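*Asks:* Handing you this structure, nothing more for now.
Where a number appears in this text, it was derived from the coordinates with a stated rule and is not lab data. Just so it is clear, the structure is predicted and the values come from calculations on it, not from any experiment. Backbone-built Cβ (ideal geometry, glycine too); neighbour counts: all protein chains shown.
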Amino acid sequence: MTGEELIREGQRVLANTYTRHPILLKRGKGTQVWDSTGKAYLDFVGGIAVCSLGHCHPKVVQALEEQAKELIHCSNLYYIGPQVELAQRLCEHSFGERVFFCNSGTEANEAAIKLARKYGEGRYEIITMENSFHGRTMGALSATGQKKFHKGFEPLLPGFQYVPFDDLKAVEGAIGPQTCAVMVEPIQAEGGVILPSPDYLKGLRDLCDRSGILLIYDEVQVGMGRTGMLFAYQHWDTPPHIMTLAKSLANGVPIGAMVATEAVAQAFSPGNHAATFGGNPLATRVGCVVIDTLLGDGILENCQDMGAYLMEGLINLKKRYAFIQDVRGIGLIIGAELAFEGKEIVERCLERGFLINCTAGTILRFLPPLIVTRDEIDRLLTALEAIFAER
Ligand code: PLP
């Protein structure tokens, strides 16, 4: 079938859950992807913060090839070498002492919710933030503080209280006898790239410690180097009790992880939680390669440098175009807030061969692979300038 035929068939046979651009991506290399007509695009979406090492990174491809020949799946009834090695790496480089593996961000959050309830021994309420995003399964959806995602799926799982992001007093006021945890994205990503005040995470941790409840960070989108540090919480030097990861952990091979301290992880015992595919040899072998490459190949440094460069370029555009209301971010998660819906700008970029994303209606979001270069950023900025000038 041709690309056009596949798109038409896709419109007929795929569940109607996404608004898709009418292109079919066939191939990728580094920061570039090609569609079925051969048109090239510079990718500033990165599979929504997934392909941090770029598309088809040679070390990822090699790990996949080697592991596929050795063992793809065997179940968690047995020990899996790469799974242990990935857990070791995650613990070595974070606050964590034990890791549960699953297949996605939403599943990692389900695991965190269950662990917090189990640890709470009867206490079941979790305080989450307005404008947050934690996933689409019923627990994570119920944790998500945005009504638009709930609509049509009520009743939600009971036991979630939403308070404004970046408001310590609101959290303090919401803590009650049934509260077992506070769950927060250190940076609200889907919600529009919203950073906390400098003392927020520290304040949350203090509140949780004083109240004997757990602090959970959802680092599904901002973890694994996206912000220029391996984990976003490291910018504020404030570890949680539980952290969830997914997206770029295996650069596109489906994986999720819940990392916890020993004392908290102890609440789980065999039979409490499981995932058939969780931590399978293929995904975890790639996860090991991703961490080693992020730390060993100067990728985090490039993320910091290129993040600052892209931010500066966007701030310069903001000075010339009043409809750019704000530019914010850290590392290579950057948002440019517009005075109008960003959809049209995304489409103009696509026509010119650039993939960018828009979140929360008006915020252009840039999430390129962390290997992006100055020249590639210059090309995007030039295209944006031309598109903005046409308005
Ligand atoms: N948590 C955060 C912060 C996210 O950004 C996302 C996805 O965008 C999720 C959870 C859900 O992850 P997944 O789509 O892998 O279930």
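*Asks:* Sort out for me the Cα centre separation of the stretch 146-193 from the stretch 28-70, rounded to whole Å.
*Replies:* So the separation of the two Cα centres works out to 34 Å.
*Asks:* Starting from the Cα gyration tensor of the stretch 146-261, take the square roots of the eigenvalues, sort them a ≥ b ≥ c, and report rounded, prolate or oblate (rounded when a/c is under 1.5, otherwise prolate if a/b is larger than b/c, else oblate).
*Replies:* oblate
*Asks:* Here's a follow-up. Note down the net charge around G228, summing +1 for each Lys or Arg and -1 for each Asp or Glu among other residues with Cβ under 10 Å from its Cβ. If you can, show how the numbers build up before the last one.
*Replies:* Values: positive: R226; negative: E301, D305.
Around G228, the charge tally is -1.
*Asks:* What order do you get for 170-179, 303-312 when each peptide is scored by the mean count of other beta carbon atoms within 10 Å, highest first?
*Replies:* 303-312, 170-179
*Asks:* Which of rounded, prolate or oblate describes the stretch 183-228 when judged by the alpha-carbon gyration tensor and an a/c cut-off of 1.5?
*Replies:* It comes out prolate by the Cα gyration axes.
*Asks:* Still on this model: Cα-based Rg of the stretch 1-128 per 2.2 N^0.38 Å, rounded to two decimals?
*Replies:* The reported ratio for this selection is 1.43.
*Asks:* Loop-only GluC sites (Glu not before Pro) in the stretch 321-353, please: DSSP not H, G, I, E or B, and at most 16 other Cβ atoms within 10 Å. List each step's numbers first, then the result.
*Replies:* Details: sites: E337, E341, E344, E347, E351; in loops: E341.
For GluC sites (Glu not before Pro) across the stretch 321-353 that sit outside H, G, I, E and B with at most 16 neighbouring Cβ atoms in 10 Å, the list reads E341.
*Asks:* Put +1 on the Cβ of each Lys and Arg and -1 on the Cβ of each Asp and Glu in the chain; which of N302, L384, M258 then has its Cα farthest toward the positive end of the dipole?
*Replies:* About the Cα centre, the residue reaching furthest to the positive side is L384.
*Asks:* Also, quick follow-up: What relative contact order, as a whole-number percentage, does the chain give when Cα pairs under 8 Å and 6 or more residues apart are counted?
*Replies:* Relative CO of the chain lands at 22 percent.
*Asks:* When Lys and Arg each count +1 and Asp and Glu each count -1, what net charge do the other residues less than 11 Å away from V163, Cβ to Cβ, add up to? Could you put the intermediate results ahead of the total?
*Replies:* Numbers: positive: K169; negative: E130, D166, D167, E172.
Net charge in that neighbourhood comes out at -3.
*Asks:* Beyond 23 Å between alpha-carbons counts as too far, so tell me which of K147/K343; K39/K343; K26/K318; K318/K343; K29/K247 fall in that bin.
*Replies:* K26/K318
*Asks:* Considering only P240, M138, C288, whose Cα is most displaced toward the positive end of the charge dipole of the stretch 58-296, charges sitting on Cβ of Lys, Arg (+1) and Asp, Glu (-1)?
*Replies:* Among P240, M138, C288, the one farthest towards the positive end of the dipole of the stretch 58-296 is M138.
*Asks:* Near K169, which lysines are there with a Cα under 17 Å away, not counting those fewer than 8 places off in the same chain?
*Replies:* K202
*Asks:* Right, another one. Under unit Cβ charges (Lys, Arg +1; Asp, Glu -1), what dipole magnitude, rounded to 20 debye, does the chain have relative to its Cα centre?
*Replies:* Dipole about the Cα centre, nearest 20: 680 debye.
*Asks:* What helices does the chain hold that run 27 Å or longer along their axis, going by alpha-carbon atoms, with a Kyte-Doolittle average of 0.0 or more, using DSSP H for the helix calls?
*Replies:* none
*Asks:* Distance between Cα centroids, the stretch 274-299 to the stretch 310-356: provide it in whole Å.
*Replies:* First find each Cα centre; the distance between them is then 32 Å.
*Asks:* What is the spin-label model distance, in nm, from K147 to R379 if the labels are put 7 Å beyond Cα along the C-beta direction?
*Replies:* Roughly 4.4 nm, to one decimal.
*Asks:* Beta carbons within 10 angstrom, averaged per residue: use that to sort the peptides 148-155, 112-119, 251-258, highest first.
*Replies:* Highest to lowest by the protection proxy: 251-258, 112-119, 148-155.
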